1. Using a basic spin-label model with each label point 7 Å from the Cα along Cα→Cβ, how many nm lie between Leu95 and Asp42?
2. Based on the Cβ-Cβ distance of Ser315 and Asn358, what FRET efficiency does E = 1/(1 + (r/R0)^6) give at R0 = 51 Å, to the nearest 0.05?
3. Between their Cα atoms, which of Lys175/Lys300; Lys178/Lys226; Lys77/Lys178; Lys115/Lys244; Lys175/Lys342 are more than 19 Å away from each other?
4. Return, for the Cα atoms of the range 97-229, the radius of gyration and Dmax in Å, separated by a comma.
5. When the Karplus curve 6.51 cos²θ - 1.76 cosθ + 1.60 is applied with θ = phi - 60°, which whole-Hz ³J(HN,Hα) does each residue of the range 121-135 get, with x for Gly and Pro?
6. If you average the alpha carbon positions of the range 162-179 and of the range 50-123, how far apart do those two centres end up, in angstrom?
7. Please turn the phi angles of the range 41-46 into ³J(HN,Hα) values with the Karplus equation 6.51 cos²θ - 1.76 cosθ + 1.60 (θ = phi - 60°), one per residue in order, whole Hz, x for glycine and proline.
8. Over 22 Å apart: what share of the alpha carbon pairs of the range 34-163 falls there, rounded to a whole percent?
Amino acid sequence: MGYGSGELIIRSYNAQNDRVRVEGLESICEVGPADKPFLFTDTLGDPICRIKNSPIYNMLVAELGGQLVGVIQGTIKLVTLHKPPKNVAKVGYILGLRVAPAYRRHGIGSRLVTKLEEWFVACDVDYTYMATEKDNEASYKLFVNKLGYVKFRTPAILVNPVNHHRSSQISSNFKLTKLKIEEAESLYRKYLSSTEFFPIDIGNILRNKLSLGTWVSYPKGETWGKVPTSWAMLSVWNSGELFKLRLGNVPISCFMYTKSSQLIQKFLPCFKLPSIPDFFNPFGFYFIYGVYGEGPLYGKLVKSLCNFVHNMASSKPKDCKVIVTEIGGNDTRSKLHIPHRKSMSCSEDLWCIKSLKNEDRKSVHKLTTMPPTRALFVDPRE
């Protein structure tokens with residue numbers, strides 16, 4: 001296909017030749033609907049930072065007339081996915097699709113996705129999936145209406161700002177313990193290995209330097225050696241070590257309110273007003289993953305763990321300004337107790353899936369119509 005300035009060339013990313021140009025493209029491409037506040041991504045000099053911790057990954061770039069006009073990234077891993085006759089599938093994840101604003105609506109995005117799918121097929125991938133905001137009309141039209149993806153799951157993204165001037169309260173009735181990596185891996189395999197999208201290489205995630213640890217909480221007076229009557233667990237990933245985010249397209253009134261709230265919190269702490277972090281400059285965040293637990297006190301226990309993570313983040317003002325948690329859309333008991341700011345959170349993220357093998361295409365319908373498992377493991381590497 002001709003594009004006026006020559007033939008579109010799509011090839012693999014070359015760090016030596018493409019790094020600066022990809023960074024430039026990222027700096028002009030917003031994440032999210034253009035008519036609302038959106039995020040810019042600062043990759044800290046490493047455009048593949050979001051995928052390089054995955055087992056297999058690839059990044060493609062699109063060139064037109066010698067100019068870099070688009071990029072896309074993909075990862076491959078083995079996960080649990082309930083499809084007969086087996087419960088393990090090789091899945092490809094699509095992320096980081098960017099097209100330069102001046103070259104949009106010319107089919108470049110769909111060409112990039114198609115080329116990445118061809119790489120998935122060559123790697124014997126069963127299914128490919130992607131995530132987008134439910135109101136991102138352009139993304140929905142591309143993947144669902146044009147490329148044959150179907151709605152799969154709608155997890156909730158919970159965002160809680162970090163107050164660096166105040167600690168969150170942790171109940172004295174509960175005990176918090178940091179698990180050894182081997183203990184955490186065993187626990188996840190025992191309780192979550194049958195849930196959707198549980199990564200087979202969970203041990204690699206827990207051993208990654210970006211994983212800050214796994215903690216459990218249970219009632220005081222009970223021992224972790226025996227299964228407590230109630231317990232909760234979660235792990236923490238330091239995403240801010242990989243890339244930073246910055247908010248854009250924000251009304252001036254919101255900007256002024258943020259600045260004034262910070263001043264009040266700093267100079268008049270007695271008012272105890274909630275402070276809004278400065279999102280207008282690059283900021284990092286912690287990602288909570290692997291949230292699970294059992295028993296009648298689960299809600300209070302998971303809240304104590306989240307408060308502990310908040311306090312841990314509040315001691316790192318340069319590293320972390322928000323804590324993000326993504327849970328299954330029907331995991332209402334976790335959502336009720338995980339601290340989050342409703343105005344900053346997303347009650348329905350959108351995951352869409354597509355089969356890449358003819359024999360599996362009928363099973364996509366079964367996958368999308370089966371009731372989702374309560375727990376949904378969201379891989380922090382993506």
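1. 2.0
2. Values: r = 53 Å, r/R0 = 1.05.
Given R0 = 51 Å and the Cβ-Cβ separation, E is 0.45.
3. On the way: Lys175/Lys300 12 Å; Lys178/Lys226 16 Å; Lys77/Lys178 27 Å; Lys115/Lys244 28 Å; Lys175/Lys342 28 Å.
Result: Lys77/Lys178; Lys115/Lys244; Lys175/Lys342 exceed 19 Å.
4. Over the range 97-229's Cα set, Rg and Dmax evaluate to 21.5, 64 Å.
5. 4, 4, 9, 6, 6, 7, 9, 10, 9, 8, 10, 8, 5, 5, 9
6. 39
7. 10, 9, 7, 6, x, 9
8. Numbers: 3727 of 8385 pairs.
More than 22 Å apart: 44 percent of the Cα pairs in the range 34-163.
Each value in this text was obtained by applying a stated rule to the coordinates, not by laboratory testing. Nothing here was measured: the structure is a model prediction, and the numbers come from that model. Using ideal geometry, Cβ is built from the backbone for each residue, glycine included, and neighbour counts are taken over all protein chains shown.
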